[in-house]
Amino acid sequence: MRISFTICLFLASILSYAQPSDRVTELEREFKVSGQVLEKGSDLPLEYASVSFLDSSGKIVTGGITDVNGEYDVKVPEGTYTIQYDFISFKTRRLTGQVIDNNIKLPVVYMELDSESLDEVLVRAETTEVQVRLDKKIYNIGKDLTTSGATVSDALNNVPSVTVDVEGNIALRGNENVRILINGRPSAIAGFGSTDALRQLPAEAIERVEVITSPSARYDAEGTAGILNIILRKEKTLGLNGSVIANLGYPLSSGINANVNLRTEKFNIFNTTGYRYRESPGNAFFENRYFSTTREFPLVQESRDYDRLGRNFNSNLGMEYFINDQSSITASGFIRIGDDDDVTTNITNEFDGNNVLGRTTIREEQETEDDKNYQIALNYRNKFNDDGHELTADFQYEISDETEDAIIGEYISVPTFTNLPTEIVTTVEDQTEYLFQVDYVLPIGENAQFEAGYRGNLEETITDFTVEEEVNTSGVFVRNDSLSNIFAFEQNVHALYTQYGNKFGKFSFLLGLRMENTQLKGEVTAADVSTSGIDLNFDKDYLGLFPTVNLIYELGERENITLGYNRRINRPRHWFLNPFPSRSSEANVFQGNPGLDPAYASAFDLGYLRRWDKITLTSSIYYQYETDSFERIQEDTGELTPNGIPIIRTIPINLSTNERIGFEAGILYNPAKWLRFNGSFNFFRFSTEGEFNGVDYGADNTSWFARGSAKVSLPAKIDWQTNAFYRGPTNNAQTESEGMLSINLAFSKDLFNDNATLGFNVSDLFNSRIRRSFTSTDSFTSDSEFQWRERSFNLSFTYRFNQKKERQRNGREGGDFEDEGFEG
């Protein structure tokens, strides 16, 4: 507490010292000129646009750059000037004959993309564009044809640097430790650290995605790979407007989603509401070979079929009230309700040493899941002046209730029919989270800016896990006290940060320092803990400093270099710490490790951007060194199921180091108005060193993934788009995974004067999105295939009222690099 008070006092003293002086001497005769620069058509602010004051000879006398709100404030000597506004890929704007003889606020300047013709702007249609900032890349998402009827999780899989595997795990540059934010904050919308919630939200709700591989100090230090910040749509146009999207697909899926916005001079009311019904068939195959000579059946083959049915409702309602020209308050509420019914059928065949079938077991798991998430949020913003001096405060409260009931029935069909005891597994998980945040921004002079802030995240998760086993086949169930337990977990993170940025000519920098204190507490309540052999309760406290450095140098109007450094932390989530095993099948269990400590990583990123008339290139080289990195390992527990099958345990551990180096590049090529090509490539190598229980788990891995997209504009307002994604082979200490290719295909047709669009798409055209892997240990090998969802078809209809089709997105710093958009 004393440390926090001291730092707050220190920051307050800096703020007091940093207040700029408004005095101007009589001899200087300087006056303050302020204004704002927006993108024409979207009214979005243009950050880092340059404002130059030229004298009669054309010489630049003074100038400045715009802030995050597109606003500028420049002190100018008395005189008559031509004011010039420049921004990469936008047309230069000039105001001539401007007499500066007093403090003045100029009218808003609107800048438009520098295109050869309006038609060329229009055909840069609805895929993704990139903006390069000091600490992130912003992908402004248009309407990629392949995402119609898709989810947010699907859409993320088409963002450069991002991959989403067949189980929905999100990775950034091949690293799964990614922090997911919604509108800049952790949110129940993103599922409290789980990615399952992103499978329930429609892709149409996304405005843009910020890929933050070198986060500045204003962001959480959580996530060694970086941060994905998902910005949801909120219309800025006055009046009532919106859109309705309906979908129908095969395997059977349907949905309807509405985005409605009402904006006046004093308030802005926004709502997104949707309902989704989706069947998701999938399958898996496992072949395990055990080396023990005493086993009757050393070869076990397991075929698994998934029949999943999801019904989801979500709604986000909010209102922003403009108290005056300088301040506003926003209140919003979010609700998500999920009702899922899943059936998983396992057929296990066991073979003797001569590959003769000895036993066949059929296991069926019927699971129901009720999921309810609620969130309320308040935001206050106060602009002290038009120079970017402002204070914002946020409060967020979230609760989540999830109940899973699974009834697992099993019988032997070979050699003789035999019923086996049934098992009932119930998991009830309650989560609560509070967020408090305050951010202060103070411009200093023309180009400098100081920021400071506080964020507090208080989380509590209670997991009640109950296993009831049938006594023989009598219909009587008895609680298994060696597996049933209640796990209470708390994670409290308090953070203070400060950062300072400035620009000198073509060089800009942003330096920051973040301090985070983490408290992790866990307590297990169970009737039988005698077999655990470990301390089930823990109370840990960590204090860390996380410096950040971000630099950018403009080689020219269409070319720049960026360099970033940051230190990050990976905190273990509660399911990684819960020491009691949970079972995906009878013979395969996952067990948390309460001894896990956070992992820390230092990362460097060197980027280069170049734009030509018809080609745009972005590229970067990155390096990361992580200590105490997490790794999931598999081991034979030495225990057997009631049917005599060895139980394999998966457990996360801290390995000593994880070193990663890679290169990525993205390119857009527009050879003609009707044809667009774009793609991205990411190559990386990582190595791990460490051992556990006397086993060396060190490994070296080189892998890569690539995307390509082609979009053709056909006559009669018909568009055709094809997306391809390939992930190369990869491996860790025990498992090697094969490469995987998937292709999406889509068509769209505009109707009713562009007020409506009819779309059709095929996801995973060749039904090839299958993970194939091979695991090898000293006691067994495992060959597996897994397909989360089979090929799907989708037909969609979109109708817009009081708004035209969004063909043009804002291409700011770094141009309008278009990626293949979103499959998800």
| query | Projected onto the charge dipole of the range 239-819 (+1 at Lys/Arg Cβ, -1 at Asp/Glu Cβ, origin at the Cα centre), which of Tyr600, Asn241, Leu640 gives the Cα projection farthest towards the positive end? | reply | Asn241
| remark: Placing each pseudo-label 7 Å from Cα in the direction of the beta carbon, Ser656 and Val108 end up separated by a distance in nanometres of 6.0 nm
| said: Quick check for me: using +1 on Lys/Arg Cβ and -1 on Asp/Glu Cβ, what's the dipole size of the range 239-819 about its Cα centre, in debye to the nearest 20? | reply: 3320 debye
| request: Using the structure shown, select from Lys136/Lys673; Lys40/Lys503; Lys136/Lys503; Lys137/Lys383; Lys91/Lys503; Lys266/Lys383 the pairs with a Cα to Cα distance greater than 19 angstrom. | output: Lys136/Lys673; Lys40/Lys503; Lys137/Lys383; Lys91/Lys503
| Relative packing of 329-335, 715-721, which averages over residues the other C-beta atoms within 10 Å, highest first | 329-335, 715-721
| remark: With R₀ set to 30 angstrom, the calculated FRET efficiency between the beta-carbons of Thr403 and Ile362, to the nearest 0.05, is 0.65
| With labels modelled as points extended 7 Å from the Cα through the Cβ direction, what inter-label distance (nm, one decimal) is found for Glu265 paired with Val61? | 3.5 nm
| task | List the extent of the Cα atoms of the range 239-819 along each of their three principal axes, largest first, rounded to whole Å. | result | 79, 59, 44
| Amide H contacts of Gly184 (H built 1.01 Å from N, under 5 Å, at least 5 apart or other chain) | Ile230
| What is the calculated FRET efficiency for Asn283 to Asp613, with r their C-beta to C-beta distance and R₀ = 60 Å, to the nearest 0.05? | 0.80
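Bear in mind that the values in this text are calculations on the coordinates, not laboratory data. Note that this is a predicted model, so its numbers are computed, not measured. Here the Cβ is made from the backbone with ideal geometry for all residues, glycine too, and neighbour counts use every protein chain on show.
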